[in-house]
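Before any comments, here is the structure.
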Amino acid sequence: MTAQPGADPSPPDRLSAYLQDITEALAASDTAQKIIEIVLTPAVKALGATAGIVLLVDETDQQLKIAGSQGYEDGPPTLWQEGPIADHVLIADMLRMKEARYFEYAGELQDAYPELESRTGPLAVVANATLPMFLDHRPLGVIVLDFKEPHHFTSTERRFLSILSGQCAVALGRADATRTLEARVEARTRQLEEERTALAAFVAFTEAVGSEADLPTLAREAIKVLQGRFPGASAVYYEEENNLWKGRVWSDNLRPELIEVISAGIPSETPIFAQVIQTRQAVFTDGWDPQREHVASSGDYNAAANYPLVIDGELQSILSIGLRETPTWSDAGRTLFRVVGRSLNLALKRTETARQLARQNAELQARTQALEAFAELTRDLALITDPLLLIQRAQKLVLPMLSDGAALYYVPEGDRWSCRVQHGTLHSPELQANVNAGLPYAESPNLLIPWTTGQPYFQDVHDRASAPLPSWLGHISASVALPLRVEGQLTGLLVFVLYHQRTWTSVSRVVLETAIQSLELALDRAAKTRRLDEERTALAAFTRFTEAVGSEVDVQALVQRAIMLLEDTCEVEAAYFERDGDVFKVTVWGPQFDPTLLPLLQRGFPLQHSGIAKVLQQNTAAYIDHWNDTGLLIEETGVYRAVAAYPYLVDSVLESVLMIGSKTTLTWDERTKGIFRAVGRSLDLALDRAWQTRTVTAQRDALEASTQELQSFSYSVSHDLRTPVRHMLGFLNMARTSLDGKLDERSARYLDVVGQAGEQMNTLIDAMLNLSRAAQRTLRPGPVDLNTLMTQIQAALVPDLLTRHVQWEVAGLPEVWGDREALTQVLTQLTENAVKFTQTRDPAVIRVSAEDTGETWSIQVQDNGLGFDPQYKERLFNLFQRLHTAKEASGTGVGLASVRRLIHKHGGQVFADGRVGEGATFGFTLPKGSSPRR
């Protein structure tokens with residue numbers, strides 16, 4: 001059909017009819033091919049086009065695909081062909097602008113898109129209409145109409161084409177949605193079918209196993225379900241053993257040679273097993289290759305799969321299947337195998353949980369039974385403190401809870417294991433004899449291992465190679481050695497041997513664990529009770545000894561008291577040895593001491609003696625059991641079965657030893673040890689007190705003698721010096737009188753110096769006499785009001801202070817106990833010193849105060865005078881010590897020495913503090929509520 005410019009070859013009613021027919025036809029179409037055919041044919045016919053074509057956009061790769069065409073009978077068009085959208089410039093522009101393009105005259109299309117000329121070929125397009133199709137702003141493609149003649153597209157035609165492209169886009173969208181929905185429905189149908197099949201397999205397996213708890217039975221039922229769902233398949237249930245996966249249960253159709261392979265075990269490194277072990281996920285293998293998979297005799301399978309069976313996070317076993325009829329796994333097949341594997345895994349978990357619950361119930365029942373028995377034992381043994389008796393009762397309690405056997409308690413003694421307690425017979429006289437004699441320490445690893453590691457040592461089947469007497473242990477099936485601790489310290493091994501039970505069950509282990517815990521608690525309680533009894537006994541011994549000796553300081557009397565106390569309370573013989581050079585000699589002994597030993601022990605024995613050597617090493621009480629086995633240097637002491645020694649040191653040197661010996665027991669019990677320690681310690685304190693008392697007495701006597709001599713010397717010197725000084729001064733005055741007016745100035749000055757020296761000598765003599773009198777005088781103590789004393793001292797000083805500015809600060813002073821005259825002398829001396837050393841100060845500040853220090857009064861006299869260097873304060877109270885020159889301050893250096901002497905007689909102390917140029921503080925302390933020293 002052709003049309004001239006300005007004509008309207010397509011009446012509106014005719015195009016409307018076309019649209020009506022097209023709309024009705026599209027409503028019943030459901031495929032893209034039908035839709036394009038319905039749209040394209042009337043469009044070409046209605047507009048008189050030569051040909052038409054529909055190109056759809058493939059969003060995946062942005063390509064144009066030909067969906068349908070009409071009028072290109074000679075072959076595919078050369079202009080509108082499939083390819084990338086970017087290569088179709090016209091179509092790309094139109095889709096981008098979302099507008100239809102119309103080319104009505106010859107050359108118009110080539111003018112707009114010159115690059116299309118190379119693609120037109122023999123097909124010459126004169127007019128063209130290209131219509132874009134969009135659905136929800138998404139480009140679907142284009143409808144193209146070609147004309148061989150020029151064609152004017154009227155507004156009616158353009159509206160017709162626009163509506164046509166829109167209806168086509170909607171119909172294509174609806175068809176695509178229908179196709180997608182149908183695909184989804186089909187996929188969901190397949191999924192439901194697979195789930196139905198899997199559920200049926202799960203139900204079949206569940207119904208088959210029921211409450212079955214036997215692992216092989218569960219595995220066989222899983223294999224039956226797999227064979228029913230996978231015809232011709234073979235299945236195997238594997239368990240790991242020594243890094244090999246060994247078949248435990250398999251289907252009946254397995255070939256013998258393959259059974260031999262899986263029974264021997266497949267290494268964990270085999271690809272299909274290694275992958276399962278690593279991923280803990282089902283592994284499916286298509287196109288099974290025996291050489292690649294390293295599984296011999298498996299060439300008749302085309303596909304395989306392994307499912308891991310995991311319990312409590314641990315890979316316990318693997319379910320494996322091989323398919324013969326298909327080389328690949330379908331989705332339904334994978335799902336079905338996973339369901340069966342998961343079903344078996346759930347059954348195995350249920351079985352393991354049931355086993356754990358049964359085991360826990362049995363263990364709980366055994367633990368409860370053991371606790372009830374030990375609770376009863378604890379009530380029965382509330383007053384028992386003997387550890388061996390407690391262990392024996394525990395053995396009798398535990399052994400009936402185990403199978404037939406015997407219980408023994410071992411402790412290491414030297415190079416042997418000594419059996420202290422046994423319950424039950426060993427069924428072998430030779431074994432019993434060797435146990436009684438003691439097992440070799442180093443050659444008994446079944447004892448040595450738990451002793452050194454501190455951990456229980458279970459042997460399910462008794463290791464005859466580890467036993468010291470293997471030929472006599474054939475009847476022992478299992479054994480265990482359990483370390484036993486008392487208050488955290490390893491004390492021995494509790495051993496149980498069984499004759500018929502070859503393995504230790506979890507229930508047996510729980511019984512033993514509970515028994516050990518309960519026994520250790522009982523032993524701890526017994527140890528604490530014994531310790532309290534020992535402490536009570538030791539305290540009683542200490543009190544008795546202390547009351548007996550009182551303030552005794554005689555060494556021999558103290559030792560005799562200690563020996564008598566030990567012999568009365570401990571049934572022992574006791575003696576005291578003192579050092580004499582390099583030997584120890586007995587100096588004090590008790591009435592029960594063996595008289596035949598006295599001559600030997602009085603001669604003495606060397607320090608290397610075994611008992612003394614042990615004391616020297618420990619510096620504390622030493623207890624020697626089995627005295628006969630210690631290598632005696634004095635054979636006659638073999639009458640004792642056990643010996644103990646307590647050392648006494650002076651300045652870290654061993655000077656004496658208190659020793660006891662028992663003729664009735666081989667080992668020392670805790671009671672005797674406690675008493676011996678208490679008496680030994682009490683004697684040590686008493687001897688130390690005696691030695692200190694003697695030392696102090698000697699020092700006091702020496703000091704008093706020295707003081708008496710010094711006082712006599714001072715008094716004698718003072719009196720002997722006074723007469724020559726008096727003569728010197730008398731003759732000096734006579735010389736001045738006889739030479740009056742005849743002395744020159746220098747001679748007169750010499751005589752003045754001699755006179756001053758004589759007066760100074762008289763002052764010193766007076767001071768020494770006062771000091772001597774202060775030391776010798778007898779104090780008359782009584783209450784003294786220091787406030788009253790200080791007021792009298794201030795009044796006496798008033799005439800000397802008329803020309804000075806003195807500021808007094810006297811706080812409230814207490815009433816003290818002392819000699820009034822002596823304390824007056826003390827306060828006067830300290831106050832006059834303060835006045836003297838503040839002559840250069842204006843004002844002079846003198847403070848007198850007191851401080852209550854609890855048991856004493858502290859009195860201080862403080863000034864703001866010359867002060868002194870504090871490093872010399874210890875010298876100030878010594879006789880004749882002065883820190884200032886005569887020009888700075890006069891004095892004899894005796895006053896403060898007198899103060900110290902008087903205060904010491906009162907039982908107090910003196911002190912001083914000061915800084916050069918900053919003043920000084922002098923003071924003293926007086927005890928409260930006690931009489932001064934006489």
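The values are calculated or read from the model by the stated rules, or taken from the named source; none is laboratory data. All values derive from a computational prediction rather than experimental measurement. For neighbour counting, all protein chains shown are included, and Cβ atoms are generated from backbone atoms with ideal geometry for every residue, glycine included.
Yes/no matrix, rows are residues, columns are (1) farther than 24 Å from G265 by Cα; (2) crowded, with 21+ Cβ neighbours inside 10 Å; (3) in the same structural domain as I259 (by TED's automatic domain parsing):
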site	(1), (2), (3)
F284	no, no, yes
Q291	no, no, yes
A303	no, yes, yes
G313	no, no, yes
Q316	no, no, yes
R324	no, no, yes
V339	yes, yes, yes
T351	yes, no, yes
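Can you tell me which residues in region 166-184 are touching a residue at least 60 places away in the same chain (Cβ under 8 Å) and crowded, with 22+ Cβ neighbours inside 10 Å?
C168, A171, L172
Among the residues of region 650-674, which ones are over 45 Å from the mean Cα position of the chain (by Cα), closer than 16 Å to N628 by Cβ and among the β-branched types (V, I, T)?
Passing the criteria: T664, T665.
Suppose the filter is surrounded by 14 or more Cβ atoms within 10 Å (Cβ to Cβ) and at pLDDT 85 or above; does L632 pass it? Outline the logic, then answer.
On the way: surrounded by 14 or more Cβ atoms within 10 Å (Cβ to Cβ): yes; at pLDDT 85 or above: no.
So L632 fails the test.
What residue, of V276, V295, V249, is surrounded by 13 or more Cβ atoms within 10 Å (Cβ to Cβ) and assigned to a helix (DSSP H, G or I)? So that I can check it myself, show each step before the final result.
Working: V295 fails: assigned to a helix (DSSP H, G or I); V249 fails: assigned to a helix (DSSP H, G or I).
Result of the check over V276, V295, V249: V276.
I'd like the full set of residues that are closer than 17 Å to L786 by Cα and either of a type in the set (D, E, K, R) or in contact with a Ser or Thr (Cβ under 8 Å, 6 or more places away or on another chain) (or both), limited to region 827-845. Reasoning before the result, please.
Of all residues in region 827-845, those closer than 17 Å to L786 by Cα come to 827-832.
Within region 827-845, Q829, E832 meet the criteria.
Could you please give the count of residues in region 418-434 that are part of a loop (DSSP other than H, G, I, E, B), at pLDDT below 85 and touching a Leu at 6+ places or on another chain (Cβ under 9 Å)? Even if it seems obvious, please write down each step before you answer.
Step one: list which residues in region 418-434 are part of a loop (DSSP other than H, G, I, E, B), which gives 424-428.
Still in the running and at pLDDT below 85: 426-428.
Retained after the next criterion (residues that are touching a Leu at 6+ places or on another chain (Cβ under 9 Å)): 426, 428.
The total comes to 2.
Output the number of residues of region 43-73 satisfying the condition of being without any contact (Cβ under 8 Å) to a residue 60 or more places away in the chain, crowded, with 16+ Cβ neighbours inside 10 Å and either charged (D, E, K, R) or more than 16 Å from L140 (Cβ to Cβ) (or both).
3
Please find, within region 781-814, the residue that is nearest to N833 (Cα to Cα) out of those that are touching an Asp or Glu at 6+ places or on another chain (Cβ under 6 Å) and surrounded by 12 or more Cβ atoms within 10 Å (Cβ to Cβ). Explain how you work it out, then say what you get.
Filtering region 781-814 for residues touching an Asp or Glu at 6+ places or on another chain (Cβ under 6 Å) gives 781, 783, 785, 805.
Next, only the ones that are surrounded by 12 or more Cβ atoms within 10 Å (Cβ to Cβ) stay: 781, 785.
On the way: P781: 25, D785: 22 Å.
Going through the qualifying residues, I end up with D785.
Touching a strand residue (DSSP E or B) at 6+ places or on another chain (Cβ under 7 Å) and either of a type outside the set (V, I, T) or touching a residue at least 40 places away in the same chain (Cβ under 8 Å) (or both): does that describe V810? Quick ask: steps written out before the conclusion?
Numbers: touching a strand residue (DSSP E or B) at 6+ places or on another chain (Cβ under 7 Å): yes; either of a type outside the set (V, I, T) or touching a residue at least 40 places away in the same chain (Cβ under 8 Å) (or both): no.
In short, no.
Is it the case that A129 is over 23 Å from Y72 (Cα atoms), crowded, with 22+ Cβ neighbours inside 10 Å and not basic (K, R)? Walk me through how you get there before you give the answer.
Working: over 23 Å from Y72 (Cα atoms): no; crowded, with 22+ Cβ neighbours inside 10 Å: yes; not basic (K, R): yes.
No, not satisfied.
Filter region 249-301 down to the residues that are in contact with a strand residue (DSSP E or B) (Cβ under 8 Å, 6 or more places away or on another chain) and of a type in the set (K, R) and list them by number.
R280
Every residue in region 19-41 that is closer than 29 Å to Y105 by Cβ, touching a residue at least 40 places away in the same chain (Cβ under 8 Å) and either surrounded by fewer than 20 Cβ atoms within 10 Å (Cβ to Cβ) or touching a His at 6+ places or on another chain (Cβ under 7 Å) (or both), please.
Looking only at region 19-41, we keep the residues that are closer than 29 Å to Y105 by Cβ, and these are 19, 22, 36, 39-41.
Among the residues that remain, those that are also touching a residue at least 40 places away in the same chain (Cβ under 8 Å) are: 19, 22, 36, 39-40.
Once the filter is applied, which keeps residues that are closer than 29 Å to Y105 by Cβ, touching a residue at least 40 places away in the same chain (Cβ under 8 Å) and either surrounded by fewer than 20 Cβ atoms within 10 Å (Cβ to Cβ) or touching a His at 6+ places or on another chain (Cβ under 7 Å) (or both), region 19-41 yields only L19.
Could you say whether any residue in region 806-818 is over 25 Å from R901 (Cα atoms), at pLDDT below 85, part of a helix (DSSP H, G or I) and not hydroxyl-bearing (S, T, Y)?
Within region 806-818 (the criterion being over 25 Å from R901 (Cα atoms), at pLDDT below 85, part of a helix (DSSP H, G or I) and not hydroxyl-bearing (S, T, Y)), the answer is no, since none of the residues qualifies.
Go through region 560-578 and give me each residue that's closer than 15 Å to L687 by Cα and either β-branched (V, I, T) or in a strand (DSSP E or B) (or both). Steps first, please.
Restricting attention to region 560-578, the residues satisfying the condition of being closer than 15 Å to L687 by Cα are 560-563, 576-578.
If the condition is that a residue be closer than 15 Å to L687 by Cα and either β-branched (V, I, T) or in a strand (DSSP E or B) (or both), then I563, Y576, F577, E578 are the ones that fit.
So which pairs qualify, if the first residue must be in region 253-271 and in contact (Cβ under 8 Å) with a residue 12 or more places away in the chain, the second must be in a helix (DSSP H, G or I) and surrounded by 13 or more Cβ atoms within 10 Å (Cβ to Cβ), the Cβ gap must be under 7 Å, and the two must be at least 6 apart or on different chains?
Here the result reads I266/F273; S268/A274; S268/I277; T270/E293; P271/E293, each pair linking region 253-271 to a residue that is in a helix (DSSP H, G or I) and surrounded by 13 or more Cβ atoms within 10 Å (Cβ to Cβ).
Return the pairs, sorted by first residue and then second, in which the second residue is loosely packed, with under 13 Cβ neighbours inside 10 Å and of a type outside the set (F, W, Y), the first residue lies in region 846-859 and is at negative phi, the beta carbons are less than 6 Å apart, and the residues are 6+ apart or on different chains.
Partner pairs satisfying both residue conditions: R847/E809; S849/A811.
Is region 600-617 home to any residue that is in the same structural domain as I563 (by TED's automatic domain parsing), modelled with pLDDT of 85 or more and of a type in the set (S, T, N, Q)?
Checked region 600-617: at least one residue is in the same structural domain as I563 (by TED's automatic domain parsing), modelled with pLDDT of 85 or more and of a type in the set (S, T, N, Q).
Can you spot a residue in region 724-736 that is among the aliphatic types (A, V, I, L, M), modelled with pLDDT under 65 and not assigned by TED's automatic domain parsing to the domain that holds I859? Steps first, please.
Taking region 724-736 first, the residues among the aliphatic types (A, V, I, L, M) are 725, 728-729, 732, 734-735.
After this cut, where a residue has to be modelled with pLDDT under 65 as well, the list is none.
No: zero hits.
Can you pull out the residues in region 112-138 that are in a helix (DSSP H, G or I) and at pLDDT 65 or above?
Step one: list which residues in region 112-138 are in a helix (DSSP H, G or I), which gives 112, 114-120.
Result: A112, P114, E115, L116.
Condition check ((1) buried (at least 19 other Cβ atoms within 10 Å of the Cβ); (2) over 30 Å from P412 (Cα atoms); (3) at pLDDT 75 or above) across all residues:
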| site | (1), (2), (3) |
| --- | --- |
| F496 | yes, no, yes |
| R525 | no, no, yes |
| L539 | no, yes, no |
| L566 | yes, yes, yes |
| T569 | no, yes, yes |
| A574 | yes, yes, yes |
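Could you list, in sequence order, the residues of region 582-591 that are modelled with pLDDT of 85 or more and outside any strand (DSSP E or B)?
Keep residues of region 582-591 that are modelled with pLDDT of 85 or more, which gives 583-591.
G590, P591, listed by residue number.
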